[in-house]
Amino acid sequence: MQCFIVTPASWHRPCLSPSAVEQRNEKMNTSENIITTLQLTAASFEAEVLKSKQPVLVVFTAPWSRPCQVLAPILQELARDWAGKVKVVSVNADDSLDLSLCYDIQSIPTVLYFVEGKLRVQIVGTATKDAILAKLKGSGFADHIDTLVKGASGAGATTSKGGLI
């Protein structure tokens with residue numbers, strides 16, 4: 001279900017025709033921009049996150065949000081790097097308002113990190129891969145994160161001493 005908010009034309013710079021809006025929305029919703037991780041709903045959240053044996057990185061997102069689209073490739077990279085070690089999942093904040101309210105999601109994207117079903121870290125807004133790793137390490141899960149970072153592939157991943165792999 002899509003919702004549209006109608007506002008005075010003077011608020012839009014530049015004004016787009018309805019067909020131009022559709023074309024822009026199609027570009028924004030291409031498979032390149034959508035996180036290819038597991039999409040959760042309120043019904044699946046408890047089983048996939050709260051009862052998960054492994055840590056879970058949850059991102060509250062919306063397909064129309066440009067900051068969410070910027071964060072998507074970073075989360076896809078983390079999902080690849082952490083495959084089998086940490087689940088990376090997403091929740092459509094618009095479709096799961098009860099979860100958004102429960103976790104006090106006031107801005108998207110918001111990344112939540114759960115360990116043993118308990119919320120350990122919250123990151124609001126877009127962030128680089130290094131910033132996400134630093135925030136997770138700074139939360140007291142240094143040993144766990146160091147293991148994940150050492151297993152991460154690609155340039156730019158940091159080590160426990162702050163160097164590059």
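Each residue in region 41-77 was checked for being of a type in the set (Phe, Trp, Tyr) and open to solvent by 60 Å² or more (accessible area, probe 1.4 Å), and 1 pass. Within the set Val121, Val111, the sole residue that is under 18 Å from Ser139 (Cβ atoms) and touching a residue at least 40 places away in the same chain (Cβ under 8 Å) turns out to be Val111. Pairing residues of region 78-95 that are over 11 Å from Leu40 (Cβ atoms) with residues that are among the aliphatic types (A, V, I, L, M) and exposed (fewer than 14 other Cβ atoms within 10 Å of the Cβ), at Cβ distances under 9 Å and at least 6 apart in sequence or on separate chains, gives Asp94/Met1. Checked across region 16-39, the condition of being at pLDDT 65 or above and either aliphatic (A, V, I, L, M) or surrounded by 11 or more Cβ atoms within 10 Å (Cβ to Cβ) (or both) holds for at least one residue. Taking the condition of being part of a strand (DSSP E or B) and open to solvent by less than 80 Å² (accessible area, probe 1.4 Å), how many residues in region 94-118 meet it? Adding up the residues that qualify gives 6.
The values are calculated or read from the model by the stated rules, or taken from the named source; none is laboratory data. All values derive from a computational prediction rather than experimental measurement. Backbone-built Cβ (ideal geometry, glycine too); neighbour counts: all protein chains shown. Protein only, heavy atoms only, side chains kept; ligands, DNA and RNA dropped before computing areas. Shrake-Rupley method; radii C 1.70, N 1.55, O 1.52, S 1.80 Å.
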